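The values are calculated or read from the model by the stated rules, or taken from the named source; none is laboratory data. Nothing here was measured: the structure is a model prediction, and the numbers come from that model. We place every Cβ from the backbone using ideal geometry, glycine too, and count neighbours over all the protein chains shown.
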Amino acid sequence: MQNQVQLITYVDRFGGQTLNALRALLNGPLAGVFGGVHLLPFYHTIDGADAGFDPIDHTRVDARLGGWDEVRALAADYELMADVIVNHMSSASPQFLDYQQRGAASPYAGLFLTMDAVFPSGAREQDLLAIYRPRPGLPFTVYTMADGSRKLLWTTFTGQQIDIDVAHPAGQAYLSGILEQLAASGVRMVRLDAVGYAIKQAGASCFMMPETFAFIARFAEQARALGLEVLVEIHAYYKRQIEVARQVDWVYDFALPPLVLHALEFGRADALQAWIAQRPENAITVLDTHDGIGIIDIGADAGDRAGQPGLVPPEELDELVERIHRNSQGQSRQATGAAASNLDLYQVNCTFYDALGRHDSAYLLARAIQFFVPGVPQVYYVGLLAGHNDMDLLARSKVGRDINRHYYTHAEVLAELERPVVARLLELIRLRNSHPAFQGRFTSVPTDAAHSLRLRWEAGADFIELQADLRAKQGAIVASEAGTTRVFTLA
């Protein structure tokens, strides 16, 4: 994967309804901005229970967006990343409907994970309480079969997303078919969605266990044999994220977004600098994604090693959440936790721009920090346009994360690109993509002031340095290339 800024986007929410429309936008008004694109689920269908993360058919493109030929055309212009939804599939899939109709006689009977497959002798209370789940309650849904019998199906996320048995031959064949289709369509990288929950074991947490790591290693080897790089998506205690990074190609730096917010809200760099000193560098850096802003990623360990402190004190983490709510005029509170369905206990739902109170220089400084921290940056389509919370979509869907999943028309995108903060961000992205020092050596430069942050890259005689005043929420970039020095002000 090349070291250039990538876009994260839904096909149908960013300036058009089709893959061809997205390609025209990227090759037109956004020409030269992105080196790669992460297409969020574009499979049949994109409008199920979880915005495409519950595919009915993972090997078909939703016909409303185009087909595999259009995917190949986009892949010819940009390094393309696509999701492999490893853990589950839709209850409306042909495979599940066949299983529901025919039961044990179905060829897909082993594809879907039942409670008794994990607990053949029954589950004790302590077994059930040991299961880690990002949402309230137990991960099971009762389904009635065609013969009238009832089955407890494992459903980690929603009742419409049926977990698959990745160890069963039917599960292995299903996942192999997805990888083969993506590789044949020009995709260069796959993101393993929800893979931390893929392995279930009686009496265990069923999240990021040694057996999970072993599965990831096997699946990643299979992907690499097809020419695919692998990104693992895990929201977890930060030390666990470091452990994951040692065993995979790429991980998200999910601790970075809340730490950047913490640095700007509290006006000091200590927690962020402590993370920079130990974070994995095989990281995809983000400030926002299609999900919320992670809190678990910098908090104390809530798992089997509970009691270990997080990257920020708990009282400051609580205050940070409250400041996001205040900065967003209470909108994020309406979309977070028990206030909205499809809730995630570890995330605050809000656009990053609104989380900073629509403060332009703070927002540009946050992006500059993201681009200077080692790794490959990704920018979410709403964040690219410094987007506002979509309260109308939230009211219609009652899904908290939809606050940050606006549907932009083509005209809206063109209008947003004219806003000064967006135009300045595009300049910053182009600088990140083109300056040769970003291919060299990184240093976090010590400073005397708690509110100061200096991040520097050097390659030969070329250098580029971010100088930030976190208290003032202002910064500047000093860039020297081929003997010419210029200053890029973050305002």
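The strands (runs of 3 or more DSSP E) located wholly in the range 425-491 that include 3 or more residues which are over 24 Å from LEU287 (Cα atoms) occupy 484-489. State which residue is farthest from VAL142 (Cα to Cα) when the search covers only the range 76-90 and only residues that are buried (at least 22 other Cβ atoms within 10 Å of the Cβ) and out of contact with any helix residue (DSSP H, G or I) (no Cβ under 8 Å at 6 or more places or on another chain). The residue in question is MET81.
Within the range 10-39, residues that are among the basic types (Lys, Arg) sit with their Cβ atoms under 8 Å from residues that are surrounded by 19 or more Cβ atoms within 10 Å (Cβ to Cβ), at 6+ positions apart or across chains, in these pairs: ARG13/TYR381; ARG13/ARG405; ARG13/HIS406; ARG13/TYR408; ARG23/GLU70; ARG23/LEU74. What number of residues in the range 351-390 are outside any helix (DSSP H, G or I), farther than 15 Å from ALA491 by Cβ and in contact (Cβ under 8 Å) with a residue 40 or more places away in the chain? The qualifying residues number 10.
Tell me, yes or no, whether the range 196-206 has at least one residue that is modelled with pLDDT of 95 or more, among the charged types (D, E, K, R), farther than 17 Å from ILE85 by Cβ and assigned to a loop (DSSP other than H, G, I, E, B). Among the residues of the range 196-206, not one is modelled with pLDDT of 95 or more, among the charged types (D, E, K, R), farther than 17 Å from ILE85 by Cβ and assigned to a loop (DSSP other than H, G, I, E, B), which makes the answer no.
When ALA105, ALA63 are checked against the criterion of being outside the structural domain of ILE296 (by TED's automatic domain parsing), loosely packed, with under 14 Cβ neighbours inside 10 Å and modelled with pLDDT of 95 or more, a single residue qualifies: ALA105.
For the range 170-219, the set of residues classified as farther than 24 Å from HIS235 by Cβ and among the basic types (Lys, Arg) consists of ARG188 only. Here ILE242 fulfils each of the conditions (1) buried (at least 18 other Cβ atoms within 10 Å of the Cβ); (2) β-branched (Val, Ile, Thr); (3) out of contact with any helix residue (DSSP H, G or I) (no Cβ under 7 Å at 6 or more places or on another chain) apart from (1).
Being more than 21 Å from the chain's Cα centre (by Cα) and either part of a helix (DSSP H, G or I) or assigned by TED's automatic domain parsing to the domain that holds ASN349 (or both) is a property that holds for ALA274.
The set of residues from the range 391-401 being in a helix (DSSP H, G or I) and either touching a residue at least 24 places away in the same chain (Cβ under 8 Å) or in contact with a strand residue (DSSP E or B) (Cβ under 8 Å, 6 or more places away or on another chain) (or both) comprises MET391, LEU394, GLY400, ARG401.
Among the residues here, LEU128 qualifies as outside the structural domain of GLY400 (by TED's automatic domain parsing) and either within 30 Å of VAL11 (Cβ to Cβ) or surrounded by fewer than 20 Cβ atoms within 10 Å (Cβ to Cβ) (or both).
Quick one: would you say GLN172 is more than 19 Å from the chain's Cα centre (by Cα), assigned to a loop (DSSP other than H, G, I, E, B) and of a type in the set (S, T, N, Q)? It is false that GLN172 is more than 19 Å from the chain's Cα centre (by Cα), assigned to a loop (DSSP other than H, G, I, E, B) and of a type in the set (S, T, N, Q).
Can you find even one residue in the range 423-445 that is acidic (Asp, Glu), closer than 18 Å to PHE14 by Cα and assigned by TED's automatic domain parsing to the domain that holds ARG13? Among the residues of the range 423-445, not one is acidic (Asp, Glu), closer than 18 Å to PHE14 by Cα and assigned by TED's automatic domain parsing to the domain that holds ARG13, which makes the answer no.
Residue count for the range 63-117, restricted to those that are of a type outside the set (Gly, Ala, Ser) and in a helix (DSSP H, G or I): 18. Residues that are crowded, with 17+ Cβ neighbours inside 10 Å and over 15 Å from ALA220 (Cα atoms) within the range 175-186 comprise GLN181, SER185, GLY186, listed in sequence order.
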